[in-house]
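The values are calculated or read from the model by the stated rules, or taken from the named source; none is laboratory data. None of the values given here were measured: they were computed from a predicted structure. All Cβ positions, even for glycine, are placed from backbone atoms using ideal geometry, and neighbour counts span all protein chains on display.
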Amino acid sequence: MNSIFKYTENNGEVIITGLKEGVADASIVIPETIDGMPVVEIVPWAFESTSIVDIKIGANIRKIGDEAFYSCEELSSVTWNHKCDVIPDFCFLGCSNLTQFDFSDIKKIGQYAFEKSGLQKVFLPENIKIIEIGTFRECSGLRSVTWNCTCDVIPANCFFECSNLTHFDFSAIKKIEKYSFSRSGLQEVSFPENIKIIEEGTFKECSGLRSVAWNCTCDVIPALCFYMCPNLTNFDFSSIKKVGQYAFVESGLQEVCLQKNIEILEDGTFSRCNELRSVTWNCTCDVIPNFCFAVCSNLTNFDFSGIKKIGKYAFKESGLQEVWLSESIKNIEEGTFKECSGLRSVTWNCTCDVIPALCFAVCSNLTQFDLSGIKKVGTSAFEKSGLTSVTLSKGTIVCKKCFVHCKSLAKVEWLSARNIEGNIFAGCKNIKEIYISDKVKNIEANAFVSSPNAEITFV
């Protein structure tokens, strides 16, 4: 038996480095001794990608190196020993036929130790004190986990893509690290009070997740937490103070109720929530962040009372049909209502006197807009919109491409203009009436070249 191993000697002890060429390696026993010397160690990669089916670790083994059994796809049985209480990094990664493992003598499980293994049930007893990142990552056959260990932290990527893991008991957990259950099969999640920290992307792309009970001490929903959870139709925000970036993107939320406890909302929080139909915004936060409700195609109305700022592309491609902007609003940023194809009416009562760039671009059903109190209309602000007429007040600054390709635009009144640039009305083929101040100093040659049927009147 001893002859099947490659090994080195060190101070009267044997270190296994691998198998000799041509050895039938289906069933391997690491002996306690070789040539009368104790066998104490297995080096990294010693049995990598071999055809081992069964292995028994000798009683004298104190240390096993990283990736010792990496990609042993035929390995189905491992007998560990009590002296070696650490499963090293990547030890059984890719061991797709390893369906069970006895953790009775283990104190520490290293990084990605069982990634892509065939484990189906995992029982972690009290003796386990440390579990490192990615331990059971991509164990697609894993259906059951009993977490009785001393470790109260679920490490990053621990159960990432464990697609058949539908349930997990969080009663002993204090911290859940990044992407620990991302792409898992979890269907219901209940957080007890003991959980203090939940990190980024924890349940990202959990397509089967239907229910979340957030009863923990943690009052922050981290970034990407429920990103692409299409079956998560409701969430109770009553204990939450902060919602991180893109936390509910492409979730199945149908109604969102934000009360005074909410202090911070970060960018893109509810973007692409196509089932979202109702939003109650009673929170302390008076800023709608960038992309917050972008591509929420079924969100047809929103109460802007109390809002002070609307961020970039906040309602881009949303289903808004009527918009009433209250006096409280002081700042509106680029592209806020861009591509809102159903938007028919806008009441601009806010203190903001600047329509930002791309604000109503491609709002094809927006036929009228009162520009009387506006000081500046940003670049491409109404590009490809449905406006039928434009009346610009004295002193209004009009930026490049402001009304380009407004195919329904028939009438333009710009009595205060001193200089009319050529690209402002480019592609407006159906303009018929143009009223311009007789004090205008310069009209660029191609200013109305796209409107061959237009009649210009100087007033």
### Query
Restricting attention to region 408-422, and to residues there that are within 13 Å of residue 456 (Cα to Cα) and in a loop (DSSP other than H, G, I, E, B), which single residue is modelled with the highest pLDDT?
410
### Message
Any residue that is farther than 27 Å from residue 272 by Cα, free of Cβ contacts under 8 Å to residues at least 60 places away in the same chain and not in a loop (DSSP other than H, G, I, E, B) - is there at least one of those in region 359-375?
### Response
no
### Extreme residue, nearest to the chain's Cα centre (by Cα), among residues of region 384-398 that are assigned to a loop (DSSP other than H, G, I, E, B) and modelled with pLDDT under 90
396
### Query
What do you reckon, is residue 116 basic (Lys, Arg), under 21 Å from residue 188 (Cα atoms), surrounded by fewer than 21 Cβ atoms within 10 Å (Cβ to Cβ) and modelled with pLDDT of 95 or more?
no
### Query
Taking the stated definitions as given, is residue 380 within 32 Å of the chain's Cα centre (by Cα), assigned to a loop (DSSP other than H, G, I, E, B) and surrounded by fewer than 18 Cβ atoms within 10 Å (Cβ to Cβ)?
no
### Message
So if I check each of 337, 315, which one is aromatic (Phe, Trp, Tyr), over 14 Å from residue 381 (Cα atoms), in contact with a Cys (Cβ under 7 Å, 6 or more places away or on another chain) and not assigned by TED's automatic domain parsing to the domain that holds residue 387?
### Response
315
### Scope region 71-100; condition surrounded by fewer than 21 Cβ atoms within 10 Å (Cβ to Cβ) and either aromatic (Phe, Trp, Tyr) or touching a residue at least 60 places away in the same chain (Cβ under 8 Å) (or both); matching residues
80
### Query
Of the residues in region 35-47, how many are outside any loop (DSSP other than H, G, I, E, B) and more than 12 Å from residue 61 (Cβ to Cβ)?
1
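Considering only region 104-139, how many residues are part of a loop (DSSP other than H, G, I, E, B), of a type outside the set (A, V, I, L, M), over 21 Å from residue 53 (Cβ atoms) and out of contact with any Gly (no Cβ under 7 Å at 6 or more places or on another chain)?
Taking region 104-139 first, the residues part of a loop (DSSP other than H, G, I, E, B) are 104-107, 110-120, 125-129, 132-139.
Right, trim to of a type outside the set (A, V, I, L, M) and you get 104-105, 107, 110-112, 114-118, 120, 125-127, 129, 132, 134-139.
Checking which are over 21 Å from residue 53 (Cβ atoms) leaves us with 104-105, 107, 110-112, 125-127, 129, 132, 134-138.
From the residues that got through so far, the ones that are out of contact with any Gly (no Cβ under 7 Å at 6 or more places or on another chain) too are 104-105, 107, 110, 125-127, 129, 134-138.
Adding up the residues that qualify gives 13.
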### Query
Which of the following residues is in contact with a Ser or Thr (Cβ under 6 Å, 6 or more places away or on another chain) and within 23 Å of residue 341 (Cβ to Cβ): 401, 384, 394, 407?
401
### Message
Just to verify a result, which residue in region 153-177, among those that are under 18 Å from the mean Cα position of the chain (by Cα) and farther than 15 Å from residue 138 by Cα, is surrounded by the most Cβ atoms within 10 Å (Cβ to Cβ)?
### Response
176
### Query
Can you tell me which residues in region 342-358 are surrounded by 15 or more Cβ atoms within 10 Å (Cβ to Cβ) and either among the hydroxyl-bearing types (Ser, Thr, Tyr) or over 24 Å from residue 393 (Cβ atoms) (or both)?
342
### Message
Scan region 294-303 and tell me whether some residue there is out of contact with any strand residue (DSSP E or B) (no Cβ under 9 Å at 6 or more places or on another chain), under 26 Å from residue 402 (Cβ atoms) and part of a loop (DSSP other than H, G, I, E, B).
### Response
yes
### Task
Mind counting the residues in region 153-181 that are under 19 Å from residue 112 (Cα atoms), assigned to a loop (DSSP other than H, G, I, E, B) and either aliphatic (A, V, I, L, M) or touching a residue at least 24 places away in the same chain (Cβ under 8 Å) (or both)?
15
#### Entry: Identity of the residue in region 289-341, touching a Phe, Trp or Tyr at 6+ places or on another chain (Cβ under 9 Å) and hydroxyl-bearing (Ser, Thr, Tyr), that ends up surrounded by the most Cβ atoms within 10 Å (Cβ to Cβ)
318
### Message
Going by what's in this entry, would residue 39 be described as touching a Gly at 6+ places or on another chain (Cβ under 7 Å) and more than 29 Å from residue 121 (Cα to Cα)?
### Response
yes
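Collect the residues in region 212-250 that are more than 16 Å from residue 289 (Cβ to Cβ) and within 15 Å of the chain's Cα centre (by Cα), keeping them in residue-number order. Before the answer, list the steps.
If we filter region 212-250 for residues that are more than 16 Å from residue 289 (Cβ to Cβ), which is where we start, we get 212-219, 226, 228-236, 238-239, 250.
Residues satisfying the conditions are 226, 228, 229, 230, 232, 250.
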### Query
Does residue 445 qualify as being surrounded by 15 or more Cβ atoms within 10 Å (Cβ to Cβ), outside the structural domain of residue 336 (by TED's automatic domain parsing) and among the hydrophobic types (A, V, I, L, M, F, W, C)?
no
### Counted residues, region 430-442 - those being of a type in the set (Val, Ile, Thr) and either closer than 14 Å to residue 410 by Cα or not assigned by TED's automatic domain parsing to the domain that holds residue 385 (or both)
2
### Query
Within region 340-358, can you find the residues that are within 19 Å of residue 299 (Cβ to Cβ) and assigned to a loop (DSSP other than H, G, I, E, B)?
340, 341, 342, 343, 344
### Task
Please work out if residue 225 is crowded, with 16+ Cβ neighbours inside 10 Å, modelled with pLDDT under 95 and either in a loop (DSSP other than H, G, I, E, B) or out of contact with any Gly (no Cβ under 7 Å at 6 or more places or on another chain) (or both).
no
